[in-house]
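To start, the structure itself, in structure tokens.
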Amino acid sequence: MSRPVLLIAGGSRGIGAATAKLAGARGYDVVVNYKSNSNAAASVVEVVKKSGGKAVALAGDMAIEADIERVFDATTRELGPINHFVHSSGIIGPYSRLDEADAQMMREVFDLDTLGAMLCLRAAVRRMSTKNGGKGGSVVMLSSMAATIGGAGECVWYAAAKAAVDAMVIGVSREVAKEGMRVNAITPGVIDTDIQPPGRVARVGPQLPMGRPGQADEVAEGILFLLSDAASYINGANLRVSGAR
């Protein structure tokens, strides 16, 4: 019996890497997309292989349309048709108030976190939807609690970029609901990964409702649930993994 094929955009670090490792242990073959850190991606691939699955690392900038299409096509060539996709590729930029933020930095955030996310979602639908000749499947897009609380004083642009992800999940899930696809979002709170600025986790962790930040593995569990058949009637939803934040 063939294993399900999972492509993770931004799978070499943080939540994406934790998801890849857990997916390998749960019976998936995994493609780990990365932009530049080939060593980190190779390390994740080795963990998946040790779990008995197939795994490959594919370089590509998920803010660039040609790279997105190439990575999706290469996934099919390497492991077979994609039936699961996780979008975990994102940046925040230096924290500041909006009136102190650099315009070029904000463009880069929106190019990757919003337009890139939408192009990835489009690529997934083109390959997975039964309308387009696919066999269906499940997509999980990473949002952020910033989209709910606004990111004041830190990253209003990032909050806006992730709010757009929330909107596209609702819209696209309704477009493809009768085409064998489920599209959901997961919304992490403060998670202890290297996307956090130095010192922020230690500073804000004790102030959080549970008195600590979340771990990438805790978010990965939610992602794997949404990908799985156990979530077969969950579509267009947004699962918060935020420790009551």
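Select, from 147, 177, 160, 167, the only residue that is farther than 16 Å from residue 83 by Cα, surrounded by fewer than 17 Cβ atoms within 10 Å (Cβ to Cβ) and not β-branched (Val, Ile, Thr).
167
Return yes when residue 50 is crowded, with 17+ Cβ neighbours inside 10 Å, more than 19 Å from residue 139 (Cβ to Cβ) and not hydrophobic (A, V, I, L, M, F, W, C) and no when it is not.
Taking the combined requirement at face value, the residue does not satisfy it.
Return a yes/no flag: does segment 98-121 have any residue that is hydroxyl-bearing (Ser, Thr, Tyr) and more than 20 Å from residue 188 (Cα to Cα).
The answer is no; no qualifying residue exists.
If I filter segment 99-111 for residues that are touching a strand residue (DSSP E or B) at 6+ places or on another chain (Cβ under 7 Å), within 17 Å of residue 156 (Cβ to Cβ) and surrounded by 21 or more Cβ atoms within 10 Å (Cβ to Cβ), do I get at least one hit?
no
Could you pull out the residue among 196, 207 that is surrounded by fewer than 17 Cβ atoms within 10 Å (Cβ to Cβ), under 22 Å from residue 97 (Cα atoms), free of Cβ contacts under 8 Å to residues at least 40 places away in the same chain and not hydrophobic (A, V, I, L, M, F, W, C)?
Selected residue: 207, the only one of 196, 207 that is surrounded by fewer than 17 Cβ atoms within 10 Å (Cβ to Cβ), under 22 Å from residue 97 (Cα atoms), free of Cβ contacts under 8 Å to residues at least 40 places away in the same chain and not hydrophobic (A, V, I, L, M, F, W, C).
How many residues are within 25 Å of residue 229 (Cβ to Cβ), crowded, with 17+ Cβ neighbours inside 10 Å and among the polar types (S, T, N, Q) when one looks only at segment 1-39?
Within segment 1-39, residues that are within 25 Å of residue 229 (Cβ to Cβ), crowded, with 17+ Cβ neighbours inside 10 Å and among the polar types (S, T, N, Q) number 2.
In segment 223-244, which residues are surrounded by 20 or more Cβ atoms within 10 Å (Cβ to Cβ) and under 18 Å from residue 28 (Cα atoms)?
Of everything in segment 223-244, those that are surrounded by 20 or more Cβ atoms within 10 Å (Cβ to Cβ) and under 18 Å from residue 28 (Cα atoms) turn out to be 223, 224, 226, 227.
Suppose the filter is surrounded by 16 or more Cβ atoms within 10 Å (Cβ to Cβ) and more than 21 Å from residue 158 (Cβ to Cβ); does residue 56 pass it?
Answer is yes for this residue.
Looking only at segment 155-193, filter to residues that are in contact with a helix residue (DSSP H, G or I) (Cβ under 6 Å, 6 or more places away or on another chain) and without any contact (Cβ under 8 Å) to a residue 24 or more places away in the chain; which one of those is farthest from residue 97 (Cα to Cα)?
163
Filtering segment 1-47 down to residues that are free of Cβ contacts under 8 Å to residues at least 60 places away in the same chain and polar (S, T, N, Q), which residue is nearest to residue 136 (Cα to Cα)?
33
With respect to residue 42, is the statement that it is surrounded by fewer than 18 Cβ atoms within 10 Å (Cβ to Cβ), within 17 Å of residue 116 (Cβ to Cβ) and more than 17 Å from the chain's Cα centre (by Cα) true?
no
Within the set of pairs 6 or more residues apart or between chains, which connect a residue that is closer than 17 Å to residue 6 by Cα inside segment 211-226 to a residue that is assigned to a helix (DSSP H, G or I) and among the basic types (Lys, Arg) with Cβ atoms less than 8 Å apart?
220/21
I'd like to verify a number: residues in segment 80-109 that are hydrophobic (A, V, I, L, M, F, W, C) and over 15 Å from the mean Cα position of the chain (by Cα), how many?
Matching residues across segment 80-109 total 6.
Since every read-out is calculated from the coordinates, none of them should be taken as a lab result. What you are looking at is a predicted structure, and each value in this text was computed from that prediction instead of being measured. We place every Cβ from the backbone using ideal geometry, glycine too, and count neighbours over all the protein chains shown.
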